[in-house]
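Undergrad: Quick one: structure below, then a few questions.
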Amino acid sequence: MSRYDPNPFEEEDVEVNPFANSGNVPSANSRLSPLPPEPYDRGATIDIPLDSSKDVKAKEKELQAREADLKRREQELKRREDAISRAGIVIEEKNWPPFFPIIHHDIGKEIPIHLQRIQYIAFSTWLGLVLCLVWNIVAVTTAWIKGEGPTIWFLAIIYFISGAPGSYVLWYRPLYRAMRTDSALKFGWFFLVYVIHIAFCIFAAVAPPIIFKGKSLTGILAAIDVLGDNALVGIFYFIGFGFFCLESVLSIWVIQQVYMYFRGSGKAAVLKRDAARGTMMAAL
């Protein structure tokens, strides 16, 4: 055997044409070449159908219409605010007390600087009256427990229910608005009602035996009366007497200061002129 003889165990590569005549059948040991892989382009883009130009224009028109509507509403709101300010109407937002706002109160921003001290003390007298009426309920409740009867307790409740909100509506809010707007008419109303407030405080501090022997108010006479029956009730009544005395003194100071400002600013002459004009118009 020659050294260049082919290997008898090597398979012969036979190229087969698949499109050749079917009569020529390839042998069993023949093999087909694999097909080339399909080309794949990593940078190929996928077309996603977008909105047509008509849809885009429709959305732009809708946005423009909404923007125009918002501008129209802002202009209308500004026009109303200007009309309200020209008419002198002030929108009062409730901001006091901070934890549960029930009234509008902002002395630092709405009251002139030279009147803020008087306004703060007047506000203290309103809070002081509320404190006096609350303590009056406590003292009268103690007297009721010790055998004085429920009638004086119901009267103490009536004093508080009518006095706390009534004093704010009748004299403190008019004074606040008078200080803010410098209205002579509001000053006149404040003087009229505040005198009644001072009279009530003095009456409560004395507590004459007119209604149920005066024990529905913690005045000096009632305190002396109950002190002989029960020392604890007497102490409560004496504390209430001190509260009403302090309230009376502060209230007298406030009305003096407000009246001095009222006279010095010339509002007294304005009030007299307005009163004379009203009387004349009523006569006509």
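The values are calculated or read from the model by the stated rules, or taken from the named source; none is laboratory data. Keep in mind that what you see is a predicted model, and the values were worked out from it rather than measured. Neighbour counts are summed over all protein chains in view; Cβ atoms, including those assigned to glycine, are modelled from backbone coordinates with ideal geometry. Heads up: the accessible areas ignore ligands, DNA and RNA and are worked out on the full protein's heavy atoms, side chains in. Shrake-Rupley method; radii C 1.70, N 1.55, O 1.52, S 1.80 Å.
Undergrad: For the range 95-102, check the following and say yes or no: at least one residue is open to solvent by 70 Å² or more (accessible area, probe 1.4 Å), in a helix (DSSP H, G or I) and hydrophobic (A, V, I, L, M, F, W, C).
TA: No, that holds for no residue.
Undergrad: Looking at the range 208-239, which of the residues that are in a helix (DSSP H, G or I) and touching a residue at least 24 places away in the same chain (Cβ under 8 Å) is surrounded by the most Cβ atoms within 10 Å (Cβ to Cβ)?
TA: Of everything passing the filter in the range 208-239, Tyr237 is surrounded by the most Cβ atoms within 10 Å (Cβ to Cβ).
Undergrad: Take Pro209 and decide whether it is over 21 Å from Ile255 (Cα atoms) and not basic (Lys, Arg).
TA: In short, yes.
Undergrad: For the range 148-171, which positions are surrounded by 13 or more Cβ atoms within 10 Å (Cβ to Cβ), aliphatic (A, V, I, L, M) and closer than 14 Å to Leu217 by Cα?
TA: Scanning the range 148-171 gives Ile152, Leu155, Ala156, Ile157.
Undergrad: Determine if the range 137-155 includes at least one residue that is without any contact (Cβ under 8 Å) to a residue 12 or more places away in the chain, part of a helix (DSSP H, G or I) and among the basic types (Lys, Arg).
TA: No.
Undergrad: Please state which one of Ala58, Ala87, Ala65, Ala83 is more than 30 Å from Ala164 (Cα to Cα) and modelled with pLDDT of 85 or more.
TA: Sole residue among the options that is more than 30 Å from Ala164 (Cα to Cα) and modelled with pLDDT of 85 or more: Ala65.
Undergrad: Filter the range 177-196 down to residues that are open to solvent by less than 10 Å² (accessible area, probe 1.4 Å) and either of a type outside the set (Gly, Ala, Ser) or outside any helix (DSSP H, G or I) (or both), then give me how many there are.
TA: 4
Undergrad: In this structure, does Ile145 turn out to be modelled with pLDDT of 95 or more and open to solvent by 60 Å² or more (accessible area, probe 1.4 Å)?
TA: So Ile145 fails the test.
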